[in-house]
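**Q** So that we are looking at the same thing, I have put the structure below in C-alpha cells.
The values are calculated or read from the model by the stated rules, or taken from the named source; none is laboratory data. These numbers were taken from a predicted model, which means no experiment stands behind them. For neighbour counting, all protein chains shown are included, and Cβ atoms are generated from backbone atoms with ideal geometry for every residue, glycine included.
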C-alpha cells in the first residue's frame with residue numbers, strides 16, 4: 001500500500017480509507033497551528049451544525065449559521081474578508097427560505113445548488129458546504145484539495161457543472177467502498193474528508209499520515225499542484 005501510486009482516490013481498500021479518516025483530526029490540528037480558530041470552527045461544522053440542521057422539522061440554516069459556515073470555509077483556504085462581509089448582508093428570512101427550499105429539492109443536487117446561489121456571496125463551493133451540513137449522504141463539500149484529487153478536474157472551476165462532475169466522481173468512490181465494506185457507512189462527505197486529509201496531510205508531511213504511506217502522494221494529487229492564481233467570484 002505504501003505510496004499509493006495514483007493517490008488515495010484510486011485506492012480500493014476501505015480499511016485504508018478508514019485509517020486516513022482517523023488522521024483527519026490530526027490534519028486539522030496541524031493546520032490550526034497557523035489559523036487559531038480552525039479547530040473550534042471545524043468541530044462546529046462537522047459535529048454541531050449537522051445536529052442543529054437535522055433536528056429541525058424542515059432542514060434549514062439560520063443567518064448566524066450561514067455567516068459562521070462562511071468563516072469555516074474561509075479558514076480552509078485564502079481569507080477573503082469581502083465574502084465574510086457580503087454573506088452577512090443576506091436577511092434572516094432569505095437565508096432560512098433559500099436553505100429550506102434547497103434541502104427540500106434534494107436529491108436534485110443541481111436544483112438545490114441553484115437555489116442556494118441566490119444568496120449573496122454564495123457560489124457552488126459555499127452551497128456545497130450548506131448541503132453537506134444537513135445531507136452528507138447526498139453532497140460533499142467542494143474543497144479544492146478534494147476536487148484536485150479526482151482525475152481530470154484540475155484546474156478547479158467554481159461552477160455548477162464542475163461541482164457535479166466532482167460529486168459524480170465522489171459518488172462512484174462511495175459505491176466502490178460500500179461494495180467492499182461490510183459496514184457500508186461511506187457517504188460523499190466522508191470520502192471528501194478523507195481526500196482533503198490525504199492531500200493536506202501529505203503536503204504538510206504529517207507523521208501520522210506518512211505512517212500510512214502518505215508520503216507517496218504526488219504533487220498533482222493535492223492542493224500543492226500549482227493552481228493558476230486569478231481573481232475569483234463567490235465560491
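**Q** Among the residues of the range 1-16, how many are modelled with pLDDT under 90 and under 19 Å from the mean Cα position of the chain (by Cα)? It would help to see each step written out before you state the result.
**A** Residues of the range 1-16 that are modelled with pLDDT under 90, as a first pass: 1-7.
Checking which are under 19 Å from the mean Cα position of the chain (by Cα) leaves us with 7.
Count: 1.
**Q** May I pose another question? Would you please name the residue that is surrounded by the most Cβ atoms within 10 Å (Cβ to Cβ), looking only at residues in the range 113-127 that are assigned to a helix (DSSP H, G or I) and touching a residue at least 24 places away in the same chain (Cβ under 8 Å)? Outline the logic, then answer.
**A** Residues of the range 113-127 that are assigned to a helix (DSSP H, G or I), as a first pass: 113-116, 124-127.
Now narrow it down to the ones that are touching a residue at least 24 places away in the same chain (Cβ under 8 Å): 113-114, 124-127.
Values: 113: 25, 114: 15, 124: 23, 125: 22, 126: 26, 127: 28.
The selected residue is 127.
**Q** Just one of (1) crowded, with 18+ Cβ neighbours inside 10 Å; (2) outside any loop (DSSP other than H, G, I, E, B); (3) at pLDDT 95 or above trips up residue 138, so point out which.
**A** (2)
**Q** Sticking with this structure for a sec: All but one of (1) more than 20 Å from residue 167 (Cβ to Cβ); (2) surrounded by fewer than 16 Cβ atoms within 10 Å (Cβ to Cβ) hold for residue 86; state the number of the condition that does not hold.
**A** Condition (2) is where residue 86 drops out.
**Q** Let me ask you something else. Taking the stated definitions as given, is residue 146 under 24 Å from residue 7 (Cα atoms), in a helix (DSSP H, G or I), touching a residue at least 24 places away in the same chain (Cβ under 8 Å) and touching a helix residue (DSSP H, G or I) at 6+ places or on another chain (Cβ under 7 Å)?
**A** Working: under 24 Å from residue 7 (Cα atoms): yes; in a helix (DSSP H, G or I): yes; touching a residue at least 24 places away in the same chain (Cβ under 8 Å): yes; touching a helix residue (DSSP H, G or I) at 6+ places or on another chain (Cβ under 7 Å): yes.
It is true that residue 146 is under 24 Å from residue 7 (Cα atoms), in a helix (DSSP H, G or I), touching a residue at least 24 places away in the same chain (Cβ under 8 Å) and touching a helix residue (DSSP H, G or I) at 6+ places or on another chain (Cβ under 7 Å).
**Q** List pairs: first residue in the range 54-69 and under 12 Å from residue 95 (Cα atoms), second residue at pLDDT below 95 anywhere in the structure, Cβ distance under 8 angstrom, at least six positions apart or on different chains.
**A** 67/84
**Q** Okay, next question. From the set of residues in the range 152-187 that are touching a residue at least 24 places away in the same chain (Cβ under 8 Å), part of a loop (DSSP other than H, G, I, E, B) and within 17 Å of the chain's Cα centre (by Cα), which is nearest to residue 111 (Cα to Cα)?
**A** Once the filter is applied, the top-ranked residue is 159.
**Q** Restricting attention to the range 69-77, does a residue exist that is surrounded by fewer than 17 Cβ atoms within 10 Å (Cβ to Cβ) and either out of contact with any helix residue (DSSP H, G or I) (no Cβ under 7 Å at 6 or more places or on another chain) or at positive phi (or both)?
**A** No, the range 69-77 contains no residue that is surrounded by fewer than 17 Cβ atoms within 10 Å (Cβ to Cβ) and either out of contact with any helix residue (DSSP H, G or I) (no Cβ under 7 Å at 6 or more places or on another chain) or at positive phi (or both).
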